[in-house]
Amino acid sequence: MKVLIVGGGGREHALAWKCAQSPRVSQVLVAPGNAGTDGEPRVRNVDIAATEIARLLEFARSEAVALTIVGPEAPLVAGIVDAFQGAGLRCFGPGRLAAQLEGSKAFSKHFLQRHGIATAAYRVFTRDNYDAAWLRAQRAPIVVKASGLASGKGVFIAHTVDEAEAAASDMFGGRFGDAGAEIVIEQFLQGEEASFTVMADGKHVLPLATSQDHKRLHDGDAGPNTGGMGAYSPAPVVTDAIHARVMREIIGPTIRGLERDGMPYTGFLYAGLMIGPDGAPTVLEFNCRLGDPETQPILARLDSDLTTLCEAALDGRLDRVESRWDQRAALGVVLAAAGYPDAVRSGDRIDGLDSAARLAGKVFHAGTQRLSGRVVTSGGRVLCAVGLGDRVSDAQRAAYALAQCIHYPGMQYRRDIGYQAIARERAGDGSRGQDATDPGGRG
Ligand code: AMP
């Protein structure tokens, strides 16, 4: 069968690489892909942007694509799954209504509140009902979020109420375009973050391995927020007990709530969680797709055939399949371009990919392009070097060995990806996180 992957980042390279390993798959098509997907056996790039839904549909039909997997949020929020389904094509992801969980933070907060699922206390404002007096009466830190899609940049953690007011007026002033016409202001939560991703078929869920990412640009979680500078799996912060609690208190009620609200959820569902000091999980956000860079280490550990799992979900049979995982840890280090996350420079020549390919692990491409036979940078996050190892510290060593092979002008990367898990390993904490292999933990 032919599989189409929609998107062109690191997540999509990992999806294409994984699907191409399936003995059921004759070819993987990636729209638009990058220099990494271009170089994979049995994978072909197609020059169609991820948001050109009509062209993607026409292409999928003409190539008799049996399964489409959508990477990024924009086409999901725009209704790509509804369009494909309407044409009788199998496309894995939530429909437009359910994708609002990510497309509108206001929608998602109201949904959580209505269904009694733990999330930070909040209020939603537009310019018309904005209540500056209420905001001035709040305690800092406080979090100001653009409600719409803002490529992960629409969240501002204000350390004073003055900063919060400035952020709110910035958003109303058009800093994030339409995404900031409505804003969410919410309580600041303490704890450790973890990503919890499941596959859902409308009724049943299959949890994927847990992971943790690193959002800040610099070591020690300093510097500006980014799309993610690295991630590892499993996340030891998600112990067996917390895993069971997240399934029971968050994932189960979310899937049932969406079904009850008339928008059953099929697709990958990513919950960004804050695990409080008492182990209580709270939802920071939902994404209606896989995380990037979390996907790269997660799929590096997935032993099952991803296409079989997606098809089981499309058939409403997720309760009858299991996922198998490599018991080793995986850790991915993002190599970013000069200037990231602000003014990104493109066109820098990347050297060392061949030497990295001779080592264990895998270098996934994100913002790369092939120009006159050479691979050059073409985006903020350029590559993600993924290593595997028995412990997170071993996976970290393998990932940095890959990263050190690679050179381009202005390359930036963090040196401490996985530090929280490694600190736990050093402290002799035996827990290595839940692996989602226990069917008893299913919702
Ligand atoms: P979001 O896109 O809503 O997940 O926000 C991006 C990042 O901002 C999260 O990964 C957290 O690091 C941080 N963040 C968001 N909301 C809160 C909150 N209520 N309390 C503390 N940190 C937050």
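Among the listed residues A164, A200, which satisfies the condition of being modelled with pLDDT of 95 or more, farther than 27 Å from T295 by Cα and either open to solvent by less than 10 Å² (accessible area, probe 1.4 Å) or within 16 Å of the ligand (Cβ to nearest atom) (or both)?
Details: A200 fails: farther than 27 Å from T295 by Cα.
On inspection, the qualifying residue turns out to be A164.
Please find, among A330, A343, A313, the residue that is over 30 Å from A120 (Cα atoms) and at pLDDT below 95.
On the way: A330 fails: at pLDDT below 95; A313 fails: at pLDDT below 95.
Residue meeting the stated conditions: A343.
Which residue pairs have Cβ atoms closer than 7 Å, lie 6 or more positions apart in sequence or on different chains, and pair a first residue in region 400-417 that is small (G, A, S) with a second residue that is open to solvent by 50 Å² or more (accessible area, probe 1.4 Å)?
Once the first residue is small (G, A, S) and sits in region 400-417, its partners that are open to solvent by 50 Å² or more (accessible area, probe 1.4 Å) give A401/L359; G410/R345.
For the list (1) without any contact (Cβ under 8 Å) to a residue 40 or more places away in the chain; (2) open to solvent by 30 Å² or more (accessible area, probe 1.4 Å); (3) of a type outside the set (A, V, I, L, M, F, W, C); (4) over 19 Å from T307 (Cβ atoms), I need the number of the one condition that G79 fails.
Unmet for G79, out of (1) without any contact (Cβ under 8 Å) to a residue 40 or more places away in the chain; (2) open to solvent by 30 Å² or more (accessible area, probe 1.4 Å); (3) of a type outside the set (A, V, I, L, M, F, W, C); (4) over 19 Å from T307 (Cβ atoms): (2).
Go through region 149-161 and give me each residue that's touching a strand residue (DSSP E or B) at 6+ places or on another chain (Cβ under 8 Å), at pLDDT below 95 and surrounded by fewer than 20 Cβ atoms within 10 Å (Cβ to Cβ).
Result: G152, K153, V155, I157.
Only one of these conditions is not met by G230: (1) closer than 22 Å to I298 by Cα; (2) more than 13 Å from the ligand (Cβ to nearest atom); (3) of a type in the set (G, A, S); (4) modelled with pLDDT under 95. Which number is it?
Only one criterion in (1) closer than 22 Å to I298 by Cα; (2) more than 13 Å from the ligand (Cβ to nearest atom); (3) of a type in the set (G, A, S); (4) modelled with pLDDT under 95 is unmet by G230, namely (4).
Return the only residue of L206, L314 being farther than 30 Å from D342 by Cα, among the hydrophobic types (A, V, I, L, M, F, W, C) and out of contact with any Leu (no Cβ under 7 Å at 6 or more places or on another chain).
Details: L206 fails: out of contact with any Leu (no Cβ under 7 Å at 6 or more places or on another chain).
Only one candidate passes the filter, namely L314.
Return the only residue of A343, A313 being among the aliphatic types (A, V, I, L, M) and part of a loop (DSSP other than H, G, I, E, B). Talk me through it step by step, then tell me what you get.
On the way: A313 fails: part of a loop (DSSP other than H, G, I, E, B).
The unique qualifying residue is A343.
In region 88-107, how many residues are in contact with a helix residue (DSSP H, G or I) (Cβ under 6 Å, 6 or more places away or on another chain) and open to solvent by 10 Å² or more (accessible area, probe 1.4 Å)?
So the count comes out to 8.
Among the residues of region 329-340, write down those that are crowded, with 18+ Cβ neighbours inside 10 Å and not in a strand (DSSP E or B). Talk me through it step by step, then tell me what you get.
Here is the first cut: in region 329-340, the residues crowded, with 18+ Cβ neighbours inside 10 Å are 329-337, 340.
Passing the criteria: A337, Y340.
Out of all the residues in region 182-192, which are modelled with pLDDT under 95 and surrounded by 16 or more Cβ atoms within 10 Å (Cβ to Cβ)? Spell out the reasoning first.
Kept after step one, since they are modelled with pLDDT under 95, are these residues of region 182-192: 190-192.
Residue satisfying the conditions is G191 alone.
Going through K153, K109 one at a time, which residue ends up being assigned to a helix (DSSP H, G or I), within 16 Å of the ligand (Cβ to nearest atom), within 22 Å of the chain's Cα centre (by Cα) and in contact (Cβ under 8 Å) with a residue 12 or more places away in the chain?
Being assigned to a helix (DSSP H, G or I), within 16 Å of the ligand (Cβ to nearest atom), within 22 Å of the chain's Cα centre (by Cα) and in contact (Cβ under 8 Å) with a residue 12 or more places away in the chain holds for just one of K153, K109, which is K109.
I need a count of the residues in region 344-360 that are open to solvent by 80 Å² or more (accessible area, probe 1.4 Å) and more than 19 Å from A385 (Cα to Cα).
Within region 344-360, residues that are open to solvent by 80 Å² or more (accessible area, probe 1.4 Å) and more than 19 Å from A385 (Cα to Cα) number 1.
Has region 256-267 got any residue that is within 16 Å of the ligand (Cβ to nearest atom), among the aromatic types (F, W, Y) and not in a helix (DSSP H, G or I)? So that I can check it myself, show each step before the final result.
The first filter runs over region 256-267 and keeps only residues within 16 Å of the ligand (Cβ to nearest atom), leaving none.
No, region 256-267 contains no residue that is within 16 Å of the ligand (Cβ to nearest atom), among the aromatic types (F, W, Y) and not in a helix (DSSP H, G or I).
I'm told A280 meets every condition in (1) open to solvent by 10 Å² or more (accessible area, probe 1.4 Å); (2) more than 16 Å from the ligand (Cβ to nearest atom); (3) over 21 Å from the mean Cα position of the chain (by Cα) except one. Can you identify the failing condition by its number?
So A280 meets the others, but not (2).
Go through region 117-140 and report how many residues are closer than 17 Å to F107 by Cα and open to solvent by less than 60 Å² (accessible area, probe 1.4 Å).
Summing the residues that are closer than 17 Å to F107 by Cα and open to solvent by less than 60 Å² (accessible area, probe 1.4 Å) in region 117-140 gives 8.
Need the failing condition index for R324 against (1) touching a Phe, Trp or Tyr at 6+ places or on another chain (Cβ under 6 Å); (2) away from the ligand (no atom under 16 Å from the Cβ); (3) open to solvent by 10 Å² or more (accessible area, probe 1.4 Å), just the number.
R324 satisfies all of (1) touching a Phe, Trp or Tyr at 6+ places or on another chain (Cβ under 6 Å); (2) away from the ligand (no atom under 16 Å from the Cβ); (3) open to solvent by 10 Å² or more (accessible area, probe 1.4 Å) except (1).
The values are calculated or read from the model by the stated rules, or taken from the named source; none is laboratory data. Quick caveat: nothing in here was measured; it's all calculated off a predicted structure. Neighbour counts run over all protein chains shown; Cβ positions are idealised from the backbone, glycine included. Accessible surface areas use protein heavy atoms only, side chains included; no ligands, DNA or RNA. Shrake-Rupley method; radii C 1.70, N 1.55, O 1.52, S 1.80 Å.
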